[in-house]
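Computed from the coordinates by the stated procedures, all read-outs in this text should not be read as laboratory data. Bear in mind the structure is a predicted one, so any value in this text is a computation, not a measurement. Cβ atoms come from the backbone with ideal geometry, glycine included; neighbour counts cover every protein chain shown.
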Amino acid sequence: MAKDDATQVLYTKDRDAPKWRNKQEEIPKKHQLPQWILIWFYVSSVVCTWDASFIMCRPYSMPGKSLAWIWAPYKYYVTVDQRYSDLGDAYVFAQSLMNYAEVLINIIAIIMHYRQSKHTVPTAFMVNVMTMWKTVLYFLMFTDFCTGSEYRNGNTVLQEIFIMVIPNIIWIFLPTAAMIQLWGYIMPSEGGPHSQTFALNGEAKSHQISSPTNHQQSVKREVLRGPGSGLVQGGNAPGEIFGTKSPLSMTSCIRQRVASNEDIGKE
């Protein structure tokens with residue numbers, strides 16, 4: 001290659017380098033959460049902390065008590081979801097402890113998001129599963145099928161729909177939607193375990209990585225017989241084997257030359 005050609009190649013590589021780095025800088029975004037899921041984590045953490053603290057602060061948080069002003073809407077909610085007014089119910093207490101654990105993992109996922117940790121998406125997926133199934137369990141415990149009508153005395157259908165079902169079912173729908181979107185981030189791309197995708201100049205190109213076994217089988221080693229032999233076909237220089245520079249030993253060259261001379265003498 002001429003000197004001018006080599007200089008042109010180096011210049012081309014240097015000129016394209018910033019474009020390649022820009023593409024690489026965009027790749028870590030796959031470790032970040034979609035904006036709506038990030039907002040959901042903020043809102044869910046605040047609401048779950050507020051709700052769990054109501055249970056933990058009873059009886060001072062109950063309607064008419066000293067801290068009731070912090071949870072003013074609960075004066076309507078406790079009349080429908082009557083577990084909240086039962087100070088002896090252990091299930092709602094345990095549910096509130098789970099709320100605190102959920103909020104803690106939400107905060108961890110948010111921190112991972114801003115640090116672009118590779119564990120962000122699995123952590124976010126996990127906490128959404130926890131939120132969804134915890135809410136499903138709470139609905140089951142509210143139904144007559146699991147606990148009878150012990151905590152639903154005097155409720156009307158409209159009261160349960162607008163005061164209990166609609167506010168709580170959000171913690172089933174949104175975590176499920178988040179799980180569906182995050183699942184696409186977790187699953188590997190198509191092409192199998194030996195496939196890699198590279199982004200270059202705005203185009204996605206797939207590169208299939210062949211296994212060493214198949215590569216060795218595809219390369220045939222053929223020795224050329226004749227005077228002055230010692231070349232391996234397929235190499236770029238004398239003594240190249242399988243594309244790697246490995247010179248033949250002096251003994252092998254002498255044996256091949258002797259064998260070639262014997263064949264010429266017989267002829």
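Can you name the residue in segment 45-69 that is touching a Ser or Thr at 6+ places or on another chain (Cβ under 7 Å) and part of a helix (DSSP H, G or I) and is also nearest to residue 120 (Cα to Cα) among such residues? Step by step, filter segment 45-69, then rank; the result is 52. Checking each residue in segment 46-71 for being out of contact with any Pro (no Cβ under 9 Å at 6 or more places or on another chain) and more than 14 Å from residue 96 (Cα to Cα) picks out 59, 60, 61, 62, 63, 64, 66, 67, 68, 69, 70. Contact map, segment 98-124: first residue without any contact (Cβ under 8 Å) to a residue 60 or more places away in the chain, second residue among the charged types (D, E, K, R), Cβ cut-off under 6 Å, separation 6 or more or different chains; pairs are 98/134.
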